[in-house]
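What follows is a single structure, written as structure tokens, with notes after it.
Only the coordinates and a few stated rules stand behind these numbers; no lab work does. Bear in mind that the values here come from a model prediction, so they are computed numbers and not experimental data. Note that each Cβ is placed from the backbone with ideal geometry, even for glycine, and that neighbours are counted across all protein chains shown.
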Amino acid sequence: MSVLLSGAILATLSCYALAMALTAMRLFRGPSAQDRVLALDSLYIIGLLIILTLGIRYASRMYFEVALLIALFGFVSSAALAKFLLRGEVIE
Amino acid sequence: MSAPMHAVWIEALTAVLLIASGLFALAGALGLLSLKNFFLRMHASALPNTVGAWCVTLASIVHFSALEERFAIHTWVIVILLSMTVPVTTLLLARTALFRGRQARADVPPPLGKRRVE
């Protein structure tokens with residue numbers, strides 16, 4: 001791992017952390033419920049990107065499966081929350 | 001740790017892709033925080049979903065292909081999965097916002113065919 005790549009990974013992780021902080025601000029502030037669901041979905045995606053970047057950093061294949069699971073759980077939770085806001089119940 | 005084929009330009013390409021992804025995610029989060037309307041914020045949150053995920057996936061493919069000296073394309077599955085799930089989530093959230101806006105008598109477009117929702 002050269003200095004160039006580790007520095008780039010550090011800068012990228014800093015950008016992701018700042019983006020997560022801004023998204024969490026929208027999650028706490030959000031005027032309506034769908035704003036909070038959108039911010040939660042965006043938090044899931046940024047966490048997935050962080051885990052893929054850590055997989056590059058530590059040169060491990062395990063992070064890929066964690067990222068796949070996070071993508072699946074993020075989709076299921078966002079779809080269930082949106083469905084609940086739309087209908088009042090998740091499973092009809 | 002690095003394989004002999006791990007040249008400088010491969011690391012440079014990986015670094016550029018990673019930093020581009022970080023900047024796109026940051027731009028999306030800034031838009032999500034600062035835009036006025038929910039329907040405007042949905043555009044901002046699409047930025048890390050598409051360009052950010054693509055850049056990180058391409059960086060991972062380039063890095064692992066150079067590291068293991070074979071075509072390591074397994075990370076592509078995440079982009080395929082996201083390209084299937086993100087439109088569904090976006091559509092459900094847009095319909096939720098329209099439904100709740102009509103219930104609250106907000107300024108949203110009326111449903112097709114009817115003038116007013118009951």
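Of everything listed in (1) more than 7 Å from every other protein chain (Cβ to nearest Cβ); (2) without any contact (Cβ under 8 Å) to a residue 12 or more places away in the chain; (3) assigned to a helix (DSSP H, G or I), the single unmet condition for A:Leu13 is (2). Checked against (1) in a loop (DSSP other than H, G, I, E, B); (2) of a type outside the set (Gly, Ala, Ser); (3) more than 30 Å from A:Lys83 (Cα to Cα); (4) more than 9 Å from every other protein chain (Cβ to nearest Cβ), B:Lys36 passes all but condition (3). The number of residues in the range B:71-95 that are in a helix (DSSP H, G or I), without any contact (Cβ under 8 Å) to a residue 24 or more places away in the chain, touching a Phe, Trp or Tyr at 6+ places or on another chain (Cβ under 9 Å) and within 17 Å of B:Ala59 (Cα to Cα) comes to 1. The residues of the range B:47-72 that are of a type in the set (D, E, K, R) and either crowded, with 17+ Cβ neighbours inside 10 Å or at positive phi (or both) amount to a single one, B:Glu69. Please tell me if B:Thr85 is out of contact with any Cys (no Cβ under 9 Å at 6 or more places or on another chain), within 7 Å of chain A (Cβ to nearest Cβ) and crowded, with 23+ Cβ neighbours inside 10 Å. When the stated conditions are applied, B:Thr85 does not pass them.
Residue check: B:Arg100 meets all listed conditions (1) crowded, with 19+ Cβ neighbours inside 10 Å; (2) at the interface with chain A (Cβ under 9 Å from one of its Cβ atoms) but one, namely (1). Exactly one residue among B:Ala20, B:Ala15 is buried (at least 18 other Cβ atoms within 10 Å of the Cβ) and more than 14 Å from the chain's Cα centre (by Cα), and that residue is B:Ala15. Applying a threshold of 8 Å to beta carbon distances and a minimum spacing of six or more residues, or different chains, the list of pairs starting in the range A:46-71 at a residue that is under 14 Å from B:Val56 (Cα atoms) and more than 7 Å from chain B (Cβ to nearest Cβ) and ending at one that is of a type in the set (A, V, I, L, M) and not in a helix (DSSP H, G or I) reads A:Arg57/A:Met1. Exactly one of (1) of a type in the set (A, V, I, L, M, F, W, C); (2) more than 7 Å from chain A (Cβ to nearest Cβ); (3) more than 24 Å from A:Leu81 (Cβ to Cβ) is unmet by B:Ile80. Its number? Of (1) of a type in the set (A, V, I, L, M, F, W, C); (2) more than 7 Å from chain A (Cβ to nearest Cβ); (3) more than 24 Å from A:Leu81 (Cβ to Cβ), only one is false for B:Ile80: (3).
For the range A:58-85, the tally of residues that are farther than 17 Å from B:Val86 by Cβ and crowded, with 18+ Cβ neighbours inside 10 Å stands at 3. Screening A:Ser32, A:Ser6, A:Ser2, A:Ser42 for residues that are more than 7 Å from every other protein chain (Cβ to nearest Cβ) and among the small types (Gly, Ala, Ser) leaves exactly one candidate, A:Ser6.
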